[in-house]
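Comments concern the structure below.
The values are calculated or read from the model by the stated rules, or taken from the named source; none is laboratory data. Bear in mind that the values here come from a model prediction, so they are computed numbers and not experimental data. Positions of Cβ are backbone-derived with ideal geometry, glycine not excepted, and every protein chain shown enters the neighbour counts.
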Amino acid sequence: MKPYIAPAWLPGGHAQTLWPLLRKDPLPAYRRERWDTPDGDFIDLDWLDAAADAPLLVVFHGLEGSSRSHYARALLHAAQRRGWRGVVAHFRGCSGEPNRLPRAYHSGDSAEIDWILRRLRGSYPRTPLFAAGFSLGANALLKWLGEQGSAAGAVVDAAAGVSAPLDLAAANEALAHGFSLVYARHFLRTLIPAALAKLDRFPALFDTERVTAARILYDFDDAVTAPLHGFRDAADYYARSSAGPYLSGIAVPTLVLNAHNDPFLPAAALPRPAAMPAAVTLELTAEGGHVGFVHGGFPGHLSWLPQRVLDHFATTTSMR
């Protein structure tokens, strides 16, 4: 398909990131299913059904995202038009109901990715299974792929990671300054109340004052995300959870798609094509913003990104 070209009427990474929030497709006709986790919690999955032998696409959303996020809607509609099945796997606490346990989810939660994908593969052993992650979900998925190496091929046929914050320290530094503080504060508007609600159920999990005082994502991760998930502090969390160092281990056909003007990740933190393994298609566009990639005349369309992801999967299928 044609390379991504940003529309002239929508210049800059911030505009290309924010505009899709106003251009959401209608909500797909999801069917919800709840899975109990091995540790006594639960996750919710929103399905779009199709023929029993149709390819299955699983979507991992971004920070505070869900099946209602614009990229999930657009991708699932596009998959449905191809006759594919699709499912959005919600991270814990992201489906509209608080999860049962103190833990929540985080950017390096590859163990959760592993459990979800292996259960899907076990349920659909003969179905082509594709995994697409966006932002936080892309980072966790790419980390899992790198950890698993060739073993991932027994679980998924191909994967795609879009706008992954491959260097979490650099990404969070970018979100701590200038206009990008708008994004951080948008996330904190839901993260902080959810953390305080956990304290009502599980007292002394973390310091209330530090949570309420958080003004950037680093503050929140240092006070909440890190201690909840076994990290020493935010710096330790970022170092151990960033997907960038794991890309070289990927052995399953994988599309890694990032824009140079993504306000969530400095261009200097993007990987070098020469360092990528043969299984990785690294596509670094000049523009597109963060999970944006709007194209066409005003008011624009969101179809380029879903088509690019699905074409990657379809090409992989035809080569097998």
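Scanning region 34-55 for residues that are within 13 Å of Leu76 (Cα to Cα) and part of a loop (DSSP other than H, G, I, E, B) returns Asp49, Ala50, Pro55.
Arg32 - would you say it is assigned by TED's automatic domain parsing to the domain that holds Ala132, surrounded by fewer than 16 Cβ atoms within 10 Å (Cβ to Cβ) and in contact (Cβ under 8 Å) with a residue 12 or more places away in the chain? Yes. Pairing each residue of region 172-187 that is free of Cβ contacts under 8 Å to residues at least 24 places away in the same chain and of a type in the set (Phe, Trp, Tyr) with any residue that is part of a helix (DSSP H, G or I) and surrounded by fewer than 20 Cβ atoms within 10 Å (Cβ to Cβ), provided the two are 6+ apart or on different chains, yields no C-beta distance under 8 Å. What tally of residues in region 102-125 results from selecting those that are over 23 Å from Leu168 (Cα atoms) and without any contact (Cβ under 8 Å) to a residue 40 or more places away in the chain? Counting residues in region 102-125 that are over 23 Å from Leu168 (Cα atoms) and without any contact (Cβ under 8 Å) to a residue 40 or more places away in the chain gives 5. Please state which of the following conditions Gln16 fails to meet, knowing it meets all the rest: (1) surrounded by 20 or more Cβ atoms within 10 Å (Cβ to Cβ); (2) at positive phi; (3) of a type outside the set (Gly, Ala, Ser). Against the list (1) surrounded by 20 or more Cβ atoms within 10 Å (Cβ to Cβ); (2) at positive phi; (3) of a type outside the set (Gly, Ala, Ser), Gln16 comes up short only on (2). Assigned by TED's automatic domain parsing to the domain that holds Leu141, modelled with pLDDT of 95 or more and not in a strand (DSSP E or B): does that describe Gly62? So Gly62 fits the description; yes.
Taking the criterion of being assigned to a helix (DSSP H, G or I) and of a type in the set (Ser, Thr, Tyr), the residues of region 77-125 that qualify are Ser110, Ser123.
Arg92 - would you say it is closer than 30 Å to Phe298 by Cα, at pLDDT 95 or above and buried (at least 17 other Cβ atoms within 10 Å of the Cβ)? No. When Arg85, Arg68, Arg81, Arg73 are checked against the criterion of being over 14 Å from Arg34 (Cβ atoms), surrounded by fewer than 24 Cβ atoms within 10 Å (Cβ to Cβ) and without any contact (Cβ under 8 Å) to a residue 12 or more places away in the chain, Arg81 stands alone in meeting it. A count restricted to region 241-270 and to residues that are within 11 Å of Ala164 (Cα to Cα) and part of a loop (DSSP other than H, G, I, E, B) stands at 6.
The set of residues from region 195-240 being at pLDDT 95 or above, more than 16 Å from Leu168 (Cα to Cα), of a type in the set (A, V, I, L, M, F, W, C) and outside any helix (DSSP H, G or I) comprises Phe202, Ala213, Ala214.
Can you find a residue in region 126-139 that is surrounded by 24 or more Cβ atoms within 10 Å (Cβ to Cβ), part of a helix (DSSP H, G or I), of a type in the set (A, V, I, L, M, F, W, C) and touching a residue at least 24 places away in the same chain (Cβ under 8 Å)? Yes.
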